[in-house]
Amino acid sequence: MNNWSNFTKGFIKENPVFVLLLGMCPTLGTTTSAINGLGMGLATAFVLVMSNLVISLVKNLIPDKVRIPAFIVIIASFVTVVDLLLAGFLPALHEQLGLFIPLIVVNCIVLGRAEAFASKNNVFSSVIDGLGMGLGFAFALLILGATREILGSGAIFGYKFIGDNDGMLFFVLAPGAFLALGYIIAIINSLRKA
Amino acid sequence: MLKTFSKGGVHPPENKLSAIQTIEQLALPKMVSIPISQHIGAPASPIVKKNDTVKVGQLIAKSSGFVSANIHSSVSGKVIKIDSVVDSSGYKKQSIIIDVEGDEWFEEIDRTPELKKEIDLSSEEIIKKVGESGIVGLGGATFPSQVKLSVPRGMKAEILIINGVECEPYLTSDHRLMLEKGDELLVGTQILMKALNVDKAIIGIENNKPDAIEHLTKLTKQYQGISVEALKVKYPQGGEKQLIKAITGREVPSGGLPIAVGAVVHNVGTAFAVYEAVQKNKPLFERVVTVTGKSVKRPSNFMVRIGTPVADLIEAAGGLPEDTGKVISGGPMMGRALSTIDTPVTKGTSGILIIPEGESRRGKIYDCIRCAKCVSVCPMGLEPYLLMKVTEMQNYERAEHERTMDCIECGSCSYICPSNRPLLDYIRLGKVEVGRIIRTRKV
Amino acid sequence: MAKKLESTFANMVIVLTAVSLVAAVSLALVYNITKEPIAKAKLKKKLDAIANVAPAFDNNPNAEMFKLPAFEASPGLDSLEVYPAKKNGEIVGYAVKTYTMKGFSGLIELMVGFKLDGTINNYSVLAHAETPGLGTKMTTWFKNEKKPKRCINGKNPKNVNLTVSKDGGDIDAITAATISSRAFLDAVNRAYKTLEQGGKYE
Amino acid sequence: MEYFVIVISAIFVSNIVLAQFLGVCPFLGVSNKISTSVGMTGAVIFVMTLATIVTYLINDLILVPFDITYLKTISYILVIAALVQMVEIILKKVSPSLYQALGVFLPLITTNCAVLGVALLVIQKDFNLMESTVYAIANGIGFGLALVIFAGLREHLDMMNVPKGMKGMPVALITAAILAMAFMGFTGMV
Amino acid sequence: MSKLLTVSPSPHNYGKDTIKSLMYGVLIALIPTLLVSLYFFGIGALIVIITSVLSAVVFEYLITKYILKASPDIIDGSAVITGLLLAFNLPSNLPVWIVIIGALVAIGIGKMTFGGLGNNPFNPALVGRVFLLVSFPVQMTTWPAPIQSRLQYLDAVTGATPLGVVKEGLRNGEQVSELVKQIPSNMQMFIGNVGGSLGEVAGLAIVLGLIWLLYKKVITWHIPISMLGTIFIVSGVFWLINPEKYMNPVFHIISGGALLGAVFMATDYVTSPMTAKGQLIFGIGIGFLTVMIRLFGAYPEGVSFAILIMNAFVPIINLYVKPKRFGEVIKNG
């Protein structure tokens, strides 16, 4: 597989959210606005790239049977790093994302890529894979966040375009997340088939 | 408050157009074709050959098993061939085809009209006689009657129920029989009581036949142990299980026979045939057939020889109307649509119903709107919408679990469905598949 | 390519311990680097909230915070945090972290700033769980200076009845959210009365 | 009364799946059949309660006293992973029948963010040990309630003529959306 | 014999019920309610009803034709009913564009997403209604005063519903005996001279509709009676415990959407259980949840939520509550 397609597959063809249906919790929980979605996506992408990098570096030093715990420790470390960095430098975003930052640990995408890709491939393609998947994830969260923000708050990236009015609040609330994601997946499904 | 069965049921328009028409003897046909399988169970085996001459009432095919029935010639004449002919099921079946010559009856048959009340035969002899005479359930099920009379070991019949319900719309053959042959069928009932060794018989009649109820109630005073029970009108009260439930309040257990609750059910037509067989030595070769339909000129009740082509009956009732869409053997709820009117009348033909083109097709089928009407009308407490769906999905395991085999195919669900869904069609399909699965499991 | 390490017991223990150690050490490192920014960010947030509501100050109100017994306190919440705002060493006003339990979904927390005469300077909503689109409007509703019937900024509870007009007060409730509005004003009044009890007005 | 509030709140008002978006992956993944969702629920209640108690103690006895709460995430996830393994081994030995019922779901639970989420939430909410335990059980029940209802709906939808493009995940998500909307009726009950 | 006969399996007799006839039965039952809403809310009611019905029908047509690419079959009247029921659940001063969004959600999300009539697990009109309630809480909770606002639409004089008054008053610590003075009498509420969604106020008219539906056998008594009975009993128990803190059970029956919900919303064929026993459980569940939400929840009215929640339970009810099979128990008697 060449590096370019390895990189781009995460956006549409193997998009972790829209196609592989992974990492649903943060996808739904943090996408009340475009910026939150993007923030969460990038945080996850960072963890993904770093853990892929490290795991592909040390993969031969780790016995098979303790593979998973070792991976989890590595991933959890990077999650904590992201958690601390965000708390220190982007406190507003940190507060918005809240619980979902530590929960990156259990995001199936991260462990999934570590297990399926980084533990079998070289460093460079692992990083590319992590980057592609991570950005694909961020892209999905951005789309979903933007959709919910436009419909729910009548704004995009915080810029309000319907004056003082509220949008359809449904979309910023929990049910709106399920609904918007459902229709986006349906649209992507029909686009992929067409 | 009149009795009826407790669960489900529908009230299709009754349309008993021929109720006031007395039974007429239909003219002899030129030719009859008598299928060797007119009953449930193994086909009879022919004992005549081509060119044999036969008399009315002569045995022409012999019962070939425990569940099987003798077949007698309904006419006198010459056997011209034994061939496959399309019968009411739409399939080709072996039939004995006889060219009619005169009307020469078998000598032993007592053709006098006198009522003979005394029963000379013993229980075993009656059962034997019924078997020899080829009597089957004339309500339409055509189950060989002698089998029903032979109570399995360890069980005991407590009550005989005579089915005079005639819950199918349009049909009036039983109704007319009760009015015109009341005494005969009551004697027939006593014969059946003797055969079963029971001292109680109840004739169940729906309340839409007050004249029959009145007539038989009057007559039963002379017959010990027989009484008439007027029932609330509700389809499918003529179903064996429903009738037992209505009259005795007992429910035949799922998968069981009526005898499990001590009941045996026979149709009024059967009771009459038993009278004729036992008292008059006359085997079953003719029956009452209603020819009816909204477009029929002269809705009638005919006494018809078995094997007569349906076309003859229609002709006698005023001919086939122009706009005919469907010809049905039996009633509108459970009868079979005929592919051709050359089909012969058989022991199970209770009526010929002609339906105009406009009413002969189901409307457009829509998705189930889950109105639950099929569930509420199912007399067996099943969920037809679900049985259809799981059959459609080929989930036969679930279909069996949901008791699809209990379905009596009364058609109430398909009748009531506002979405015109072919519920019963799918359930039948499911029953076939589930039946096969059950059989392979046993093996 | 190097061969994979065998899954012997010793290997497994060693590797897992090593991985955990490396992780712990590097995390400790990162923690130490980010410790200060995190603390700063937290403080800044609080100061921002105070600065937002209190009259302009040049001290560190957080350092001079003191508690006063709350007016009509709810159980478990019997004192309010008061942050004095000082300019050139002189007290110019207070920011009070106040609350109410009467919100649609219980607790609402506000930071309300008062001038020395008891006039409300500004407020900000710290925490609430009100209905989106209704109660949530309190974050801006009561500070819209174009609508004097709603705005509480610049009003002094001493001479203005800080209850909703429906209850005979002077403030217009949020449309279709009277309960949240009542709760909001209850919290503001609690802050005012608490300072008054503490004898903080001139 | 406090416990009652915690229970009602966790099960209905802020249902862990429908309002807090925790455990959505198994919610969408294991909800094809009612029978499996019941098994999953049992496993989740069990592990969630156990994990919450253990992590609570770790937090209280180790992380806080030594001021290393920044190791919370890493230690919790290790504890949960180890716990799931242990439960699996013990169950296999002690009660093979229970293992039969719950076994297949146990590995899935490690990556069920509801378990880690609840463990983290009880710290955030400042619950004591007893409250934490009740909260964990209640959230397990809330998860199970949502899961079982949803499995019922999906079994139902399997029998319906869902348009082709909507089949599978999209219609499941939209059903979840309406379910979550309906659960908003419980707002403010505590 | 040259002419071909139609051959088909039995039965050959088809009942007179069709989807159309059942839907028209419901529509006729809705007429009294419609008239009452027009009488009390005048022009606003007219605008909202027309907008809602029209957009429901148009959306169903467009979605069927252009998205599902099937032949549109709207004459069965189900879209009209959904539109009408949606309108009945809205205040009469709701702007046209919000009504249109509601109809789009009801038809597009609530119904067509699942495959159209018969396939939707949730009541479409309620999906639309609750969506609007959640999305536009201000517009959805200001109700025009009856009669007074007959000639007004968006600028109507508004007031609170009795349930709203009671909920707010009790939250504010007032006593029931004080609050009853602020709300219309039971008779007024039953006739419909009261603020509220335009169709739910007409208690008497809804009861007439119920009688018609029962007479025509479009629905059975199980759901409405079990639901209203449960509301009465559960609210009655609380009332007996403390009549100063909880309103009396009669008030709970005739106020808000209890009657409209019990007669027209909960009885929706598609989204209610298939067996009589299941329907009783369904009705009891709705009644119980309604009272719980009214007494303890944030929303003053809980009927819509309660019905949607119980809709979600219908598949489970259908799975476990079976009709009594014939011959299951051998009964001798």
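Structural remarks
- Whether segment E:19-139 is rounded, prolate or oblate, judged on the alpha carbon gyration tensor where a/c under 1.5 counts as rounded: oblate
- Relative to the longest principal axis of the Cα atoms of chain A, helix A:67-89 runs at roughly 40 degrees.
- Taking a ≥ b ≥ c as the square roots of the eigenvalues of the Cα gyration tensor, segment B:308-400 is classed as prolate, since a/c reaches at least 1.5 and a/b is larger than b/c.
- Degrees, to the nearest 10: D:72-94 long Cα axis against longest axis of chain D: 80 degrees
- Within chain A, helix-based [θ] at 222 nm, where runs of 4 or more DSSP H residues each add -39,500 (n - 2.57), nearest 500: -21000 deg cm²/dmol
- Among the listed pairs B:Lys148/B:Lys245; B:Lys326/E:Lys216; C:Lys44/C:Lys137; C:Lys137/E:Lys167; A:Lys160/C:Lys146, those with a Cα-Cα distance over 23 Å are B:Lys326/E:Lys216; C:Lys44/C:Lys137.
- Residue-count net charge about C:Met12 - beta-carbon cut-off 12 Å; Lys, Arg +1, Asp, Glu -1: 0
- Folded to 0 to 90 degrees: helix E:222-241 orientation relative to chain E principal axis, Cα: 20 degrees
- Under-5 Å amide H pairs with C:Leu126, H placed in peptide plane, nonlocal only: C:Glu109, C:Leu110, C:Met111
- Residue order, fewest to most beta carbons within 10 Å, for C:Val82, B:Val86, E:Val99: B:Val86, C:Val82, E:Val99
- Put simply, the C-alpha atoms of chain B give a gyration tensor, and the ellipsoid matching it has half-axes of 32, 27, 23 Å, longest first.
- Partner aspartates and glutamates for C:Lys115 [C-alpha distance under 14 Å; skip if fewer than 8 residues away on the same chain]: C:Glu90, C:Glu196, C:Glu202
- Taking amide H atoms as placed 1.01 Å from N in the peptide plane, the amide H of E:Gly302 lies under 5 Å from those of E:Arg294, each 5 or more residues away in sequence or on another chain.
- Per principal axis, descending, Cα span of the protein assembly as shown in whole Å: 139, 87, 55
- Separation of the alpha carbons by more than 29 angstrom is noted, of B:Lys49/B:Lys431; B:Lys30/B:Lys92; B:Lys128/B:Lys209, for B:Lys49/B:Lys431; B:Lys128/B:Lys209.
- Evaluating 6.51 cos²θ - 1.76 cosθ + 1.60 at θ = phi - 60° for every residue in segment B:27-33, the Karplus couplings come out as 4, 5, x, 6, 8, 10, 10 Hz, glycine and proline recorded as x.
- Across all Cα pairs in chain E, the calculated P(r) in 20 Å bins from zero up to the longest distance comes to 31, 55, 12, 2, 0 percent per bin.
- The loop-placed trypsin sites (Lys or Arg not before Pro) in segment B:144-200, going by DSSP, that have at most 12 neighbouring Cβ atoms within 10 Å of their Cβ come out as B:Arg153, B:Lys156.
- Local net charge near B:Leu171, Cβ-Cβ under 11 Å (Lys/Arg +1, Asp/Glu -1): -2
- Cα-based radius of gyration of segment B:373-442 once divided by 2.2 N^0.38 Å, which approximates compact folds: 1.03
- The shape of segment C:7-202 can be summarised by an equivalent ellipsoid whose semi-axes, obtained from the alpha carbon gyration tensor, come to 43, 22, 15 Å from longest to shortest.
- Cα Rg over Rh - chain D, Kirkwood: 1.00
- Amide H to amide H distances under 5 Å link B:Glu286 with B:Ile306, where only residues 5 or more positions off or on other chains count and H is placed in the peptide plane.
- Part-to-part distance (alpha-carbon centres) for segment A:98-177 and segment B:193-271, which is given in Å: 73 Å
- Listed residue pairs exceeding 28 Å between alpha carbons, taken from B:Lys389/D:Lys33; C:Lys45/C:Lys86; C:Lys86/C:Lys158; C:Lys166/C:Lys200: C:Lys166/C:Lys200
- Formal net charge of residues neighbouring B:Leu121 (Cβ-Cβ distance under 11 Å; K, R +1; D, E -1): -1
- Secondary structure note: in the protein assembly as shown, about 75% of the DSSP beta bridges are antiparallel.
- The sum of -39500 (n - 2.57) across all DSSP H runs of n ≥ 4, divided by the residue count of chain E, sets its helix-only mean residue ellipticity at 222 nm to -17000 deg cm²/dmol.
The numbers here are math on the coordinates, done by the rules we state, and not lab data. All of these numbers come straight from a predicted model, not from anything done at the bench. Ideal geometry is used to build each Cβ from the backbone, glycine not excepted, and the neighbour counts take in all protein chains shown.
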